[in-house]
Amino acid sequence: MSMSRLDQLYRRLLLTKFFTHGWGKPEDLKRLFAFRKILSNRDTCQHLVSAEYPINIDKEYKDGDCRILEGHFTSPFVHHLPGIMPKEVEKATFQVILPVQWRHQTLRPICIHLAGTGDHYFWRRRFFTARPLLKETGIASILLENPYYGTRKPKEQLRSSLHNVSDLFVMGGALVLESMALLHWCEREGWGPLGLSGISMGGHMASLAATNWTRPVSLVPCLSWSTASCVFTEGVMSGAIPWETLQAQFFENSVYQDEIRKLIISPEDNRRRAYDMGLQFAKDYTNNIEKMESIHKQSGQSPELSRPHISPAMELSDLVNGHQSLHNEDTIHRSGVDNSEKAVNNVDIFCGYNYNGETSSSDKSSVTLPPQKKHVDGESVKSSINLDEVTPLSPHEYITRILPIPSPSDTRSISSILMKKDSSKVEISAQQNTQINHSPSSSLRSLVQNIASTEKSSKKDTQSGPRSLTLKYAFAKSKLMISRQPVPQLPSNTEQVKNLQQEALDFMRGVMDECTHLGNFSTPVDTELIIIVSAKQDAYVPKEGVLGLDDLWPGCEVRYVDNGHVGAVLLHQSVFRKAIADAFDRQVKKYNLNPGTQASEQHPVAPVKTANHS
């Protein structure tokens, strides 16, 4: 799916940079990783926030057709990880948008809306979500200020630019606990059914909070997905990150590599390896096909005709003796190649294989040889050989098992066949052939020397002529010549820089998955109450190659809007509100919550309890 150009353009116009101070203190990351294991388990997290956690109401007033409360409370996060939050962030502030009169006697639905990236204060959510939702459906709203945003923004922070990567994890952990405190407060006030929602980053934070609530809750994450790693490493937001700063810190302080990286747990590890391998295979396969087509076009040869074909019948003795197959013209057929070239190709394919039932060749043959009467050392055997069950011999095994078998005349036959390609330039006298030592090592040396000398003499021909099966090609492909391949050169400076960049990118992906991947958190109590709204062309939250929310939470519903991230925020607010209303309706119907008296007998809102009123 193509990415939205509007998303890309909008991100370029913004000057905001994230994580300009780096990863954060290593000791803070260690504490956050350890706390994540407690926070992500509903059985342990439910004890972190008391059902009677104090909430303070600072102001209450009527605004048109709704009633607004403003309040604050100390973030529960402070009690569990003291010293990590800046002082300005510790005080959580919120607004409540209530109807003047509830539509139903017993149902008083209310939804917590968490802020997306850059959504400071309350006015956007109040204007685009809370007021229309209350008017259309009668669902009240709680607007919670994000840590590091609005009234909770540190003085030295510029706009939404979080200084450290660790700040994002503090924000997420704090919102989980703060949402739990507000949900408990709603129950004490007699409000319900309850729900959570948010757009973009707010949708992801709402998902994290919903995983730890011990009762069914409606959840509507909009324009978010299963992890934040794809947002900061693949989406357009990755362009707002100072990668050079992060790379420098990562390699200067060994704690990030030696200790913190070992603490990372990512549900994507196995999937990502397979996905990356698949991408690499597709890339390499396409490149190889293009190279082969280019070669065949230059040589004027049909690619289909140049492919080797293996006969369905092959004598076992041909494989064991290693020389009779050289005279079998039906074994391997290659268009435009004489019998000597067929023999060379035959040596290349079969000389390095063992008969013990395995193969490690990159291009395995699936030809199964039919059972036939075989004659090995005078004994008749009946067998069936599958080339998929053949493994390559080591050089030592090749010398000790294969080379001693041919007779001197057979060795002369191999030499003569190899030299037949260019008899006008390379000649081997009969006297030289008869003087070949019968030992395996001398046979090997002779064969290698003949091939090497022929390769030099035919160099010009191989460069200009068709590359069907020249001696140079056979020499390069031969299993005997592996030891003569050049040693790989050390990576250049450019390659080293790319490797460093990739390591920093992988570390970012890992820490994001560790703290934000929903696969590391408990599954919500009832996934049928979850409606996910996603944008098809979202360039901020790319979904390729990561686990989907519908995979993690079977039973949830995914709805798509045909737009990008920015376009969906601007044009599809009504779709988000409709999803919230539908999720609440499902909760009412599934759990038989009695709507009670309808709107004709509306009931006024009871005053908020003042036990914790400041």
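A single member of ASP513, ASP538, ASP506 is crowded, with 23+ Cβ neighbours inside 10 Å, more than 22 Å from LEU175 (Cα to Cα) and assigned by TED's automatic domain parsing to the domain that holds THR211, and it is ASP538. When the criteria are applied in full, LYS17 meets the requirement of being under 19 Å from VAL165 (Cβ atoms), of a type in the set (D, E, K, R) and out of contact with any strand residue (DSSP E or B) (no Cβ under 9 Å at 6 or more places or on another chain). Condition check for CYS45 on (1) within 36 Å of the chain's Cα centre (by Cα); (2) under 26 Å from GLN157 (Cα atoms): one failure, at (2). In segment 74-95, the residue that is surrounded by the most Cβ atoms within 10 Å (Cβ to Cβ) out of those that are in contact (Cβ under 8 Å) with a residue 60 or more places away in the chain and part of a strand (DSSP E or B) is ALA92. If you scan segment 190-212, which residues turn out to be closer than 19 Å to ASN146 by Cα and in a loop (DSSP other than H, G, I, E, B)? Those that are closer than 19 Å to ASN146 by Cα and in a loop (DSSP other than H, G, I, E, B): SER200, THR211, ASN212. Checking each residue in segment 562-596 for being of a type outside the set (S, T, N, Q) and without any contact (Cβ under 8 Å) to a residue 40 or more places away in the chain picks out ASP562, LEU570, LEU571, HIS572, LYS578, ASP585, LYS589. Restricting the search to segment 130-189, which residues are farther than 23 Å from ILE241 by Cα, of a type in the set (Val, Ile, Thr) and assigned to a helix (DSSP H, G or I)? THR137, THR151, VAL176, listed by residue number.
Against the condition of a type in the set (S, T, N, Q), touching a Leu at 6+ places or on another chain (Cβ under 6 Å) and assigned by TED's automatic domain parsing to the domain that holds TRP185, how does GLN101 come out, does it pass? For GLN101, the condition - of a type in the set (S, T, N, Q), touching a Leu at 6+ places or on another chain (Cβ under 6 Å) and assigned by TED's automatic domain parsing to the domain that holds TRP185 - is not met. Would segment 151-162 turn up any residue that is surrounded by 21 or more Cβ atoms within 10 Å (Cβ to Cβ), touching a helix residue (DSSP H, G or I) at 6+ places or on another chain (Cβ under 6 Å) and closer than 24 Å to ASN56 by Cα? Scanning segment 151-162, I find at least one residue that is surrounded by 21 or more Cβ atoms within 10 Å (Cβ to Cβ), touching a helix residue (DSSP H, G or I) at 6+ places or on another chain (Cβ under 6 Å) and closer than 24 Å to ASN56 by Cα, so the answer is yes. List pairs: first residue in segment 138-164 and assigned by TED's automatic domain parsing to the domain that holds GLY71, second residue in a helix (DSSP H, G or I) and aromatic (Phe, Trp, Tyr) anywhere in the structure, Cβ distance under 7 angstrom, at least six positions apart or on different chains. Hits for this filter: ILE139/PHE584. As a summary of the residue check, ILE110 satisfies the conditions (1) in contact (Cβ under 8 Å) with a residue 40 or more places away in the chain; (2) under 28 Å from MET237 (Cβ atoms) except for the one numbered (2). In segment 230-241, is there at least one residue being surrounded by fewer than 16 Cβ atoms within 10 Å (Cβ to Cβ), in the same structural domain as ILE112 (by TED's automatic domain parsing) and in contact with a helix residue (DSSP H, G or I) (Cβ under 9 Å, 6 or more places away or on another chain)? Yes, segment 230-241 has at least one match. For segment 108-125, the tally of residues that are surrounded by fewer than 19 Cβ atoms within 10 Å (Cβ to Cβ) and either among the basic types (Lys, Arg) or in contact with a Leu (Cβ under 6 Å, 6 or more places away or on another chain) (or both) stands at 1.
Please tell me if VAL220 is part of a helix (DSSP H, G or I) and of a type in the set (A, V, I, L, M). It is false that VAL220 is part of a helix (DSSP H, G or I) and of a type in the set (A, V, I, L, M).
Per-residue answers, yes or no, for (1) crowded, with 17+ Cβ neighbours inside 10 Å; (2) farther than 24 Å from PHE127 by Cβ; (3) in contact with a Lys or Arg (Cβ under 7 Å, 6 or more places away or on another chain):
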{"residue": "LEU32", "(1), (2), (3)": "yes, yes, no"}
{"residue": "SER40", "(1), (2), (3)": "yes, yes, no"}
{"residue": "GLU52", "(1), (2), (3)": "no, yes, no"}
{"residue": "CYS66", "(1), (2), (3)": "yes, no, yes"}
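The values are calculated or read from the model by the stated rules, or taken from the named source; none is laboratory data. Quick caveat, the model's predicted, so the values are computed rather than measured. As a convention, Cβ positions derive from the backbone with ideal geometry for all residues, glycine included, and neighbour counts pool all protein chains shown.
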